[in-house]
Amino acid sequence: MTVGGALAAISFDPLAPSAVRIVLVGFMGAGKTTLARRWARSGGPVLWFDSDRATLERLGCDSVEAAFQQHGEAAFRAAERDVIVDRSVPLARGVEVWSLGGGSLASEEVRAAIADACVVWLDAPTEVLWERIAGSDRPLARDKNSFRELHEVRRATYEAVSTVQVDSSVPTEEIGLGRLLADHLPPGWFGSGLAVGDGLTSRVQDIAALCDGPVVIVADRAVARIANEVEQRLTSAGVAVAASQHIPMGEWNKQMATVELMLAGWADAGLHRGGTVIAIGGGTLLDTAGFAASIYQRGVDWVSIPTTLTSQVDAGIGGKTGVNLGVAKNVVGSVHMPRATIIDTKVIDSLPDDALRDGFVEAAKTALLAGDWLLDRVRTVVDTPSAERHVPWLELIEGCSGYKDAVVSEDPFDTDGTRAQLNLGHTIGHAIEAATGGAVSHGAAVAIGMHAALRLSELVLDSPTGIANTWHDLCMRMGIVTTSPLEWEQLAPFLALDKKRDSGGLGWVLLAAIGAPVTGARIPEDAVERVWNEYVRVERNTGSELDASGRGIRVESASPRHPRVLVLFGVNLGELGVRDAEHYGTQTLPDLVRDIETWASSERLIADCRQTDSLERFLQALHEARLRHHAVIVNPGAWTHHELSIHDALEPLGMPRVEVHLSAIDKREEWRQTSVIRPAVDHVVSGHGAEGYREALHWIRGQIG
Ligand code: DQA
């Protein structure tokens, strides 16, 4: 057995400041705005706040001159002070740059708002500034003498508040601000563009500075509200949003067909190489959209806005993009770094418990890799009552995303084993997901995979036994199961599909100690089988107690026991809610899916709901149903009336098949009254709206017994 050595700790200093605000101050003409824009565009801080721009927006004016005329200087200063104070909410991680109006520092509140920032004073002789500004319509630059006097007066304030002073008499292109500020910046921030903090979605217009060309927004339909807010903010910042795609995502839609759909929409919208794709959603959306961005016109810029906990601590960071090929996960992909990753930690307050549990698993995995400093933050989350967890979650996300960012910057293309550590627990985790056809969520599968990997580490690395127990304990306290009723024989074929396999077999990631991962370990399959059978596998469904040894929990609802029903929606059914309410009602597909899942669970069934506009994907799903479903419910939409290939795919399926239509197709236009699939189904429900699905599930329960 070959086992790689423990990886050297990566150069990440958890105690170094992880967020920095750089404030550019100085007199008119010093180049604050130009410098901030140039810097933001060239891979510097992605968040850029310009107080003049924000003040004018608040006052509804186009220029400072117009604002002075309409409102007077005092009102301008008050609005300026307010926008700056409002903006002074802290950032948890990342770097942002502010360019402040020359007169704003007269306000004590403004000076207090920048007290902790790194304040850079750009200055040049009055002559130089006057040259730059003369002839402009700035109200305070009308005559040279008063310009000079004002410069003198303000100088004292700039000097008093500044941390660094820069001679800006040279052209701004020559000011290497990054190098100059190196001492003040957190290590490893350059270019990664990661920003973490509460309410960052509302700062998204800052990334306007990155976008030269048109922008397309690609969002998971489940976060349409956030996507609309982003669109509105970009538009009001003057960015042309050429298209906004809201796509129903999920592991199942992480496929080439979805990539094609995205690409076609971008081409239609005229996205060119100078454009930017803004991707908003969880890991599946970000992986798919990031991959599409990496191949569109050989690569366009993209911005990642992760909206689930899992993607905020892991999947949304680091530029790995890709899609599944049928059942094989992530086998097509690329590494395409986003220009910016904006993590708005506010979203965690609205996430359901399941989603928090899934994210927790990835966060706790990252903590075991990173060391005790991060594991302490995991413990704080667990120890805090759930209603008071916002700050502990924020600190955990900040630490995990920062650690992952550092790992990625050391080994961006996953070539030297450093980045591979992030796969801890994923080899078995992916196999569980594949073997159960997605019935076990990614987080739930990784929790079990982690347990297996930690037990394997004890076996082959002699790592301290306490780690697996710690894992089990943390998971148990969050309501996460670390054992599984799957038989080894059900799992093993899927390990063979793992993309980490090379000619030498599978490279396992193990943990020699907390903070000391080992990658590329070659382990004989029988050792893995032994660990699985001895520690991880439990008998199905025998109550929810801890077992005698304290190592496994057996869960009543262990999902593989329940029959799985494939609920397939065909063409145009993703448009529910906006399409022909008279026939189809006002409920959106995500809402209908939620109802179906609830009805299924009260029938002790699992509903696996999927929608596609691609006939190919629809047929493929029916073909694969044989592998992992016990019944199917189909609503093929308009395909019902002519698509014989669906009939042919349904016909040989040896399981209950139900055809459902929301509307009464036999009472509508003549062409809808024919169903070519009818001879291949066992039961039909038509015209009962959403309730029809409840009936179909009930009928299936009766058939399955
Ligand atoms: C439908 C009826 C079809 O005629 C139509 O094309 C649909 C939906 C229904 O659910 O009522 O898209 O299948």
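The values are calculated or read from the model by the stated rules, or taken from the named source; none is laboratory data. Predicted model only: the values in this text are computed from it and were never measured. Cβ coordinates were reconstructed from backbone atoms using ideal geometry, including for glycine residues, and neighbour counts include every protein chain displayed. What goes into the accessible areas is simple: the full protein's heavy atoms, side chains included, and nothing from ligands, DNA or RNA. Shrake-Rupley method; radii C 1.70, N 1.55, O 1.52, S 1.80 Å.
Extension gain for residue 623-residue 668 works out to 13.1 nm (0.36 nm per residue, less the C-alpha to C-alpha distance). In summary, the helical segments of the chain meeting the span-like criteria, namely a full DSSP H run, a Cα extent along the axis of 24 angstrom or more and a mean Kyte-Doolittle hydropathy of at least 1.0, are 442-461.
An ellipsoid equivalent to the range 194-351, defined through the eigenvalues of its Cα gyration tensor, has semi-axes of 21, 19, 13 Å when rounded to whole angstrom and sorted largest first. Other residues within the sphere of radius under 10 Å centred on the Cβ of residue 41, judged by their own Cβ, net out at +2 (K and R +1, D and E -1). With the Cα gyration tensor of the range 563-704 giving a ≥ b ≥ c as the square roots of its eigenvalues, does the rule (a/c under 1.5 for rounded; else a/b larger than b/c for prolate; else oblate) give rounded, prolate or oblate? Taking the square roots of the gyration eigenvalues as a ≥ b ≥ c, the range 563-704 is rounded.
Can you give me the long-range amide H partners of residue 322? Hydrogens built in the peptide plane at 1.01 Å from N, cutoff under 5 Å, separation of 5 or more residues or another chain. It is 288, 291, 334, by chain and number. Grouping the Cα pair distances of the chain into 20 Å bins from zero gives a pair-distance distribution of 16, 44, 29, 10, 1 percent in increasing distance order.
For residue 647, what is the net charge nearby, where nearby means another residue's Cβ is under 12 Å from its Cβ and Lys, Arg count +1, Asp, Glu -1?
-2
Just the number, please: carbon plus sulfur as a percent of the accessible area of the range 1-146, 1.4 Å probe, no ligands or DNA/RNA counted.
On the way: 3160 of 6370 Å².
Using a 1.4 Å probe with all protein chains present, the range 1-146 comes out at 50 percent carbon and sulfur.
The mean accessible area for residues of the chain, using a 1.4 Å probe and ignoring ligands and nucleic acids, is 40 Å² per residue.
Quantify, in whole percent, the carbon and sulfur part of the accessible surface of the range 236-298 (1.4 Å probe; protein heavy atoms only). After summing per-atom areas, the C and S share lands at 53 percent.
What value, in deg cm²/dmol to 500, does the helix sum -39500 (n - 2.57) over DSSP H runs of n ≥ 4 give at 222 nm once divided by the residues of the chain?
-12000 deg cm²/dmol
Lys-Lys pairs in the chain that are eight or more residues apart or on separate chains and whose Cα atoms lie under 24 Å of each other come to 23.
Taking all protein chains as they are arranged and a probe of 1.4 Å, the heavy atoms of residue 648 leave approximately 90 Å² accessible to solvent. Translational D (Stokes-Einstein, µm²/s) of the range 340-481 at 10 °C and 1.306 mPa s when Rh comes from the Kirkwood sum over C-alpha pairs? Diffusion coefficient, whole number: 101 µm²/s. Close amide H partners of residue 246, meaning residues 5 or more places away or on another chain with modelled amide H under 5 Å apart, are 219.
Each Lys or Arg adds one and each Asp or Glu subtracts one; over the other residues with Cβ under 14 Å from the Cβ of residue 346, this totals -2.
Indicate the gyration tensor shape class of the range 19-184 (rounded, prolate or oblate), computed on the Cα atoms with a ≥ b ≥ c the square roots of the eigenvalues: a/c under 1.5 is rounded; otherwise a/b larger than b/c is prolate and the rest oblate. In terms of gyration-tensor shape, oblate.
Most simply put, the chain has about 20% antiparallel DSSP beta bridges, counting only bridges with both residues inside it.
Placing +1 at every Lys and Arg Cβ and -1 at every Asp and Glu Cβ, with all other atoms neutral, what dipole size does the chain have around its Cα centre, in debye to the nearest 20?
Numbers: 65 positive and 92 negative charges, 77 e Å.
Charge dipole of the chain: 380 debye, to the nearest 20.
Provide the packing ranking of 209-218, 107-116, 596-605, i.e. peptides ordered by the mean count of other C-beta atoms within 10 Å per residue, highest first. Could you put the intermediate results ahead of the total?
Working: 209-218: 21.4, 107-116: 15.5, 596-605: 17.3.
Listed from highest to lowest mean packing, they are 209-218, 596-605, 107-116.
For the range 1-109, the orientation-averaged shadow of the C-alpha convex hull comes to 10.4 nm² (one quarter of the hull surface).
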